[in-house]
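Engineer: Here it is: the structure, laid out below.
The values are calculated or read from the model by the stated rules, or taken from the named source; none is laboratory data. For clarity, every value in this text was computed on a predicted model and none was experimentally measured. Here Cβ is always computed from backbone atoms with ideal geometry, including for glycine, and neighbour counts include all displayed protein chains. All accessible areas refer to the heavy atoms of the entire protein, side chains included, with ligands and DNA or RNA removed. Shrake-Rupley method; radii C 1.70, N 1.55, O 1.52, S 1.80 Å.
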Amino acid sequence: WSPELSSDLYRIDGWGAPYFTVNSSGDISVRPHGTDTLPHQEIDLLKVVKKASDPIKTGGLGLQLPLVVRFPDVLKNRLESLQSAFDYAVQSEGYEAHYQGVYPVKCNQDRFVVEDIVKFGSGFRFGLEAGSKPELLLAMSSLCKGSSEGLLVCNGFKDAEYISLALVARKLQLNTVIVLEQEEELDLVIDISRKMAVQPVIGLRAKLRTKHSGHFGSTSGEKGKFGLTTTQILRVVRKLKESGMLDCLQLLHFHIGSQIPSTELLADGVGEAAQVYSELVRLGAGMKFIDIGGGLGIDYDGTKSSDSDVSVGYGLQDYASTVVQAVRFVCDRKNVKHPVICSESGRAIVSHHSVLIFEAVSSTTTRSQELSSMSLHSFVEKLNDDSRADYRNLSAAAIRGEYDTCMLYADQLKQRCVDQFKDGNLDMEQLAAVDAVCDFVSKAIGAS
């Protein structure tokens, strides 16, 4: 056995790249700067855990498991990689606006995570998204130390207190956008903003027809529970125009669903949203931003499959290029100025940066029943004709060295005996015996 074989077995270079690998000692090694990590910068995770859990008197920290080990440099690298992918796509596509990301606080509300994201992202206008009053307070506190251009996107259900708080954030010079998820929220925004004498920046969440059919797509499509229909969007535009506030409508938001499996689905959804954006421009809204929501997936099992809920069939650059191309194509065709592109990637930013370490408290092993030639003969004698035929075929295949055929007959034998046991025609000792025969066959031919 070797560390290389372990790495292959657990697909570490699939799901872990570029942050996790197996080192020459056979331990998990963390590369905090991704592909730019130098050999001396790699971190042996086992040594970290040993240092943390060893008693203080022996030089350790004396911490008890479970532990969460965080790697802020991985967080920094993820932010930089996301920004770099979009910057490259913007430049290569001749896109005439920029990208600026927004981190959804609900994904991980840990203070150190949020503050690190604001600190690491301040150089490229990274902002925060809040979906509740506590998250909004948290985001306001953090963004006071971030980029003045970073967006504070206010999603979720909004009562008068939430809207008042968002408008206070605007008074504090935070770049706050109140995103309408329900039509009735608009009346509150208009009324409270006038009472507080604050000019709001308004966004709206569109309920697209594009649907993500996977496990994480339940909130997408026209029957999704969030967002405004085409009819509702037109009513919002009309009411804003009547109130003399149509220039306040500056952002379009949508969300296809988390863990988008393919760039084809992504392009379809972004293209539809860009059409809605262009129509809002035509109707006179002061549009500036298109917020594509979350959905940037993580390849959890390393298979790079678009047919799995725990994998995706694309990389970071594929994702960014698909979004930029889709928006540019529609806007150029409609002769609309390119909007600033925002995304609300959560899992794609934070998933790799922390590891949960827990203690294995027990283990189990399967011990097969030992079969003597006498007990085996006795067992075979009690089998019915079909089962006995399976056993003879199994024996013949074993003698010929046909191991795949061997396993086929072993499976058939086991299933027939299970059926006999259910019918009351086989006792428990005999059922254990057939398990022992099949286990012996599996071990003998090296089957998993």
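Engineer: Checking the structure you have, find out if any residue of the range 261-273 is assigned to a loop (DSSP other than H, G, I, E, B) and out of contact with any Lys or Arg (no Cβ under 8 Å at 6 or more places or on another chain).
Structural biologist: Yes.
Engineer: Output the number of residues of the range 58-69 satisfying the condition of being in a strand (DSSP E or B) and loosely packed, with under 15 Cβ neighbours inside 10 Å.
Structural biologist: Selection size over the range 58-69: 1.
Engineer: Can you tell me which residue among L252, L280, L240 is more than 16 Å from H338 (Cα to Cα), at pLDDT 95 or above and assigned by the TED database to the domain that holds H98?
Structural biologist: Every option except L240 fails the conditions.
Engineer: Hey, another quick one. Those residues that are assigned to a helix (DSSP H, G or I) and open to solvent by 40 Å² or more (accessible area, probe 1.4 Å), I need them from the range 384-394; list them, please.
Structural biologist: D385, D386, R388, Y391, R392, N393, listed by residue number.
Engineer: Let me ask something else. Taking S258 as the residue in question, decide whether it is under 21 Å from F86 (Cβ atoms) and in a loop (DSSP other than H, G, I, E, B).
Structural biologist: Criteria met by S258.
Engineer: Further, regarding this structure: If I filter the range 412-448 down to residues being among the small types (G, A, S) and at negative phi, which single residue comes out as surrounded by the fewest Cβ atoms within 10 Å (Cβ to Cβ)?
Structural biologist: Looking at residues that are among the small types (G, A, S) and at negative phi, I get S448.
Engineer: Right, something else. Would the range 285-292 turn up any residue that is farther than 27 Å from G203 by Cα and more than 19 Å from the chain's Cα centre (by Cα)?
Structural biologist: no
Engineer: Looking at (1) without any contact (Cβ under 8 Å) to a residue 40 or more places away in the chain; (2) loosely packed, with under 15 Cβ neighbours inside 10 Å; (3) farther than 30 Å from F329 by Cβ, which is the only condition I43 fails?
Structural biologist: (2)
Engineer: Can you say whether R328 is at pLDDT 95 or above, in a helix (DSSP H, G or I), touching a Phe, Trp or Tyr at 6+ places or on another chain (Cβ under 8 Å) and open to solvent by 10 Å² or more (accessible area, probe 1.4 Å), as far as the supplied structure shows?
Structural biologist: yes
Engineer: What pairs can you find where one residue is in the range 78-93 and under 15 Å from H338 (Cα atoms), the other is part of a helix (DSSP H, G or I) and of a type in the set (G, A, S), and their Cβ atoms are less than 6 Å apart, with a gap of 6+ or different chains?
Structural biologist: Between residues of the range 78-93 that are under 15 Å from H338 (Cα atoms) and residues that are part of a helix (DSSP H, G or I) and of a type in the set (G, A, S), the close pairs are F86/A320; A89/A320; A89/S321.
Engineer: Another question, then. Six or more apart or on different chains, Cβ under 8 Å: which pairs go from a residue in the range 147-158 that's assigned by the TED database to the domain that holds K106 and in contact (Cβ under 8 Å) with a residue 40 or more places away in the chain to one that's among the hydrophobic types (A, V, I, L, M, F, W, C) and part of a loop (DSSP other than H, G, I, E, B)? Could you list them?
Structural biologist: G150/F126
Engineer: Right, here's the next one. Report, by residue number, each residue of the range 279-313 that is free of Cβ contacts under 8 Å to residues at least 60 places away in the same chain, buried (at least 21 other Cβ atoms within 10 Å of the Cβ) and not in a loop (DSSP other than H, G, I, E, B).
Structural biologist: If the condition is that a residue be free of Cβ contacts under 8 Å to residues at least 60 places away in the same chain, buried (at least 21 other Cβ atoms within 10 Å of the Cβ) and not in a loop (DSSP other than H, G, I, E, B), then L280, I290 are the ones that fit.
Engineer: Scan the range 314-325 for residues that are closer than 30 Å to I202 by Cβ and either part of a loop (DSSP other than H, G, I, E, B) or open to solvent by 30 Å² or more (accessible area, probe 1.4 Å) (or both) and jot them down.
Structural biologist: Of everything in the range 314-325, just one residue is closer than 30 Å to I202 by Cβ and either part of a loop (DSSP other than H, G, I, E, B) or open to solvent by 30 Å² or more (accessible area, probe 1.4 Å) (or both), namely Q325.
Engineer: Q182 versus (1) closer than 18 Å to G131 by Cβ; (2) modelled with pLDDT of 95 or more: which is the lone unmet condition?
Structural biologist: Q182 satisfies all of (1) closer than 18 Å to G131 by Cβ; (2) modelled with pLDDT of 95 or more except (2).
Engineer: Which condition from (1) buried (at least 21 other Cβ atoms within 10 Å of the Cβ); (2) part of a helix (DSSP H, G or I) is the one that I341 breaks?
Structural biologist: Status for I341: all satisfied but (2).
Engineer: For the structure I just gave you, tell me whether G244 is under 21 Å from E185 (Cα atoms), part of a loop (DSSP other than H, G, I, E, B), out of contact with any Pro (no Cβ under 7 Å at 6 or more places or on another chain) and without any contact (Cβ under 8 Å) to a residue 24 or more places away in the chain.
Structural biologist: Taking the combined requirement at face value, the residue satisfies it.
Engineer: Right, another one. Output the number of residues of the range 1-34 satisfying the condition of being open to solvent by 60 Å² or more (accessible area, probe 1.4 Å) and modelled with pLDDT under 95.
Structural biologist: Qualifying residue count for the region: 11.
Engineer: Assigned to a helix (DSSP H, G or I) and touching a residue at least 12 places away in the same chain (Cβ under 8 Å), is that true of L251?
Structural biologist: No; evaluated as a whole, the condition is false for this residue.
Engineer: Take P55 and decide whether it is open to solvent by 20 Å² or more (accessible area, probe 1.4 Å), within 20 Å of D299 (Cα to Cα), outside the structural domain of K304 (by the TED database) and not acidic (D, E).
Structural biologist: Against the criterion (open to solvent by 20 Å² or more (accessible area, probe 1.4 Å), within 20 Å of D299 (Cα to Cα), outside the structural domain of K304 (by the TED database) and not acidic (D, E)), P55 does not qualify.
Engineer: Also: Do we find a residue being modelled with pLDDT under 90, not acidic (D, E) and not assigned by the TED database to the domain that holds R31 anywhere in the range 333-340?
Structural biologist: Among the residues of the range 333-340, not one is modelled with pLDDT under 90, not acidic (D, E) and not assigned by the TED database to the domain that holds R31, which makes the answer no.
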